[in-house]
Structure formats: structure tokens, C-alpha cells
Amino acid sequence: MKTSHLVAVTSLLSFIFGCTEPYALQTRNFESALVIEASMTNELKNHAFKISRAYRFEDAQTFENGATVYVEDDAGNMIPFSQQDSMYVSDDAFLPDPQRNYRLHVTTADGKTYSSTPQKQTSVNPIESLNPIVTNLGTQRGVSICVNAYDPTGSSRYYRYEFEDAGRFRTPLYSENEIIIAPDGGDSDPHPDIILQPRTEQAQVCYKKGRSKNIVLASTRDLSEDRIDNFPMRFIADTAYVINDRYAIKVRQYVQNLESYTFYETLRDLSSTGNILSQTQPGFFYGNVRSDSDASEKVFGFFEVSTVSEAILRFDYDEIFPDNLPTPWPYECTQKSLNPTDWTLSPKGDAWDIVELVNNNQMYFFYWGEGDFYILASDQCVDCRRTGSNVPPPFWQD
């Protein structure tokens, strides 16, 4: 009996897990599978889907080019999608009708057709609040970001969570000046020019940005009421530098139906063991999209129509941990005193070291030393852009 081993090192897993590292699975008898990432929400926007192929660990990811993609409702209305780079984007912005059932249809460039089961938009249940609760995870003290929601109609029941977050930080060493290495300016020496000039943008205060990397699910199906009560969807250790100054998180809550929730629950459980589409998994892990002509063809992914709500939480470190000492800077800060006019060749002069260190982004100017020497310091200790962004996320407030 022939066994086909599929490798799920696909963008779908990156989409669902955030930036989860790919699994180096076996690639013998590799068989391609269409991968569908298609989610519509109760937002007026141009909705976007991703269609690709499962691929072997040693190969580059293959996006499915030239497909015809549309969504059809149960009244016969068609919503066309057009390819834009590696995504299929609806031609017009639209808001799904909560009274309609929708099906996804895909025709690949080779003429094969695929369609999903009908999906109806889930009920609306917004996040009521986000609470930071100090707690322990094992022996690690930290803060849990907890979600609260309540549906008095009891029609939600199944939830999935994603987040974006950012922590503000400041470099311990900084200068308003920076070194620029320029080609020889035509002066009497043949050396590069070491130019010390004012910075063109600030690089002391930055934001360490992140997003969810795991599938986070919650269900109230076994509870007497449809209430999410301080559900801990993210834990941050009190020693994590992302919260050392000020922190903000934007949480998105998706209300799912049972079919969608079960798909993500299975995917989460398999990912914890590394068995997604691997040779040790019995059978194939299907979603709700299948081939129209070949029931045995392998298609991975899910088309869903869910409602989503957002909430933002912001706090300063000392608001949550008033008795803690400041979190130490997580990087080693090395300094060197170098003469910018020493161009000797043997032994190699300090100026050559400055050129090499700055060009390789290893060290940057910190301050003037004695005798007009330059004091350089480790890159991440001087320029916060080495480990973050000096542009705050849209949901940030000081």
C-alpha cells in the first residue's frame, strides 16, 4: 500500500500560529495538497484569502497563482476575488449579511474546482473587558491578560483569540549624534570618511512588537451560561522586558461555530505534538473545503464566517508590579575607545576598526572620550531600532 507523506510547512500554519517554527517532517513520497486560508468577518472591508500548496521542507512555499475565486451566498449573489501578489482580495469592500449562508468556490489554473460547506455568520458577542491579573505560572510570577465576555442569549459558546502587543523601551546608552561612513571625499588621503553628524531620527525610544503565536480557544459549552470570565489568554513573566516600561495589547475575539472551533481545536492539539499532516497521523486532517470532482483529493484548510470584536489594554509596569525593582537591560553593553584619525595599516589603526564596526552594525557612537577619541558601544545598547521599531503601533497611547 502506498503511503503519502505530506509536509505542512505552509503559510496557513504561520497564519494560525503567528510565526511558529516549521516542522521538519519527512518528505518521502511527497504529495501536494491545496491549502486554503479563508476567513470572513463582520467587518466592512476588502476581505482577503490565501491559497497555496503544502510543500516539502527543502522547497520554497508555492502560492496558487491564477485561480478563480469567489464567494456565493444562498441567494445566488457572487462576490469575486482577484489575485493581488500572494493574496486573493475581494474586488469590493463588503459586509457579510448575517442572514445568509456563504460558500467559497475556487477554480485553480489547471481547471480543478473546490468548494466549501455553507457557512453562516456567527452571533455577535463583543469583549466586555480585558483585565491584567497578577498570578503565577508554575513558579514564575507574572501578569495574565484576561478576557471577559457575556452572551445572554447563549448563542456564542465557541471563541478564538488573537492579539498584537507592544512594549516601550529605552536604550541605556544614547547619543544625539551618529557616525556615517562615506566613500573618500576626494581629500588628500585615500581613506573612507568618518563623519559624525546629528541623528536624522530618534533611536532611543522604541517599541517591541509581537503577535500571537499559538491557537488560543475558549468554550462555554459545558457551562450553565455563555460567559467568558477572566479567561487567561496571555501570560507575561514579570521579568519579561516587553513590559518593563509601558505595555499595550490589542485582543481580537472571534466567535466561531462548532465546526470551525473543532477544526482549530484539532489543529492546536496536533501542533502540540508536531503531528500536523505527518506520517504518524492516522488519515488526513481535512477542513471544510473539498474537491468537487475527486473526494479522495487532499485539501487542507477552512472557510469560516465569524464575528470579531476588539479590545485594548494598556498599563505601566509599576502599576502592576509596584514593589518590583526595574527589569535589567537584557543585553550586554560593551564599549570601545577608538581614535578616528588613526589610519595606520600595521598594526591596523583604530579608524579602520570604526569603519568595520559601524558598517557591520556592531557598534555605534556613544560619546566623545579624552583626546577626541570616539567611545563606541554595542549596537542594541545605543540604537533601539536594532531590536524594535521607533514607530508605535496604531493602538498605542502614552
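FYI, it's all coordinate maths here, none of it is from the lab. Quick caveat, the model's predicted, so the values are computed rather than measured. Cβ: placed from backbone, ideal geometry, glycine included. Neighbour counts: every protein chain shown.
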C-alpha long axis of helix 258-271 to longest principal axis of the chain, angle in °
50 degrees
Work out, step by step, the length gained on full extension between Gln84 and Gln335: first 0.36 nm times the residue separation, then minus their alpha carbon distance; give nm to one decimal.
85.6 nm
With R₀ set to 45 angstrom, the calculated FRET efficiency between the beta-carbons of Asp74 and Phe235, to the nearest 0.05, is 0.60
Extension reserve of the Val134-Thr200 stretch, reckoned as 0.36 nm per residue once the Cα distance is removed:
19.7 nm
Counted neighbours (other Cβ, 10 Å), sorted fewest up, put Ile181, Ile236, Ile249 in the order Ile181, Ile236, Ile249
Sort region 78-224 into rounded, prolate or oblate with this rule: let a ≥ b ≥ c be the square roots of the eigenvalues of the Cα gyration tensor; rounded if a/c is under 1.5, and if a/c is not under 1.5, prolate when a/b is larger than b/c, oblate otherwise.
oblate
Based on the alpha-carbon gyration tensor of region 174-227 and its eigenvalue square roots a ≥ b ≥ c, which shape applies: rounded if a/c is under 1.5, prolate if not and a/b is larger than b/c, or oblate?
prolate
For the pair Glu319/Tyr286, report the inter-label distance in nm, with labels modelled 7 Å from Cα in the Cβ direction.
5.0 nm
Counting other Cβ atoms within 10 Å of each Cβ, which trypsin sites (Lys or Arg not before Pro) in region 197-228 have at most 10 and sit in a DSSP loop?
Arg221
Candidate lysines - alpha carbon under 21 Å from Lys250, same-chain residues fewer than 8 apart omitted
Lys45, Lys208, Lys209, Lys213
With Cα coordinates, the longest principal axis of the chain makes an angle with the long axis of helix 350-359, in degrees rounded to 10, of 10 degrees
Computed lengthening from Asp92 to Leu345, 0.36 nm per intervening residue step minus Cα-Cα distance:
84.6 nm
Kindly state, as a whole number, the per residue volume in cubic angstrom of the convex hull around the alpha carbon atoms of the chain.
222 Å³
Cα centroid separation - region 34-112 against region 317-342, whole Å:
47 Å
For q = 0.13 Å⁻¹, what log10 I(q)/I(0) does region 336-398 give under the Debye formula with an equal point scatterer on each alpha carbon and no solvent?
-0.44
From zero outward in steps of 5 Å, how is the percent of C-alpha pairs of region 264-398 spread across the bins?
2, 7, 9, 9, 8, 7, 8, 9, 9, 9, 7, 6, 5, 3, 1, 0, 0
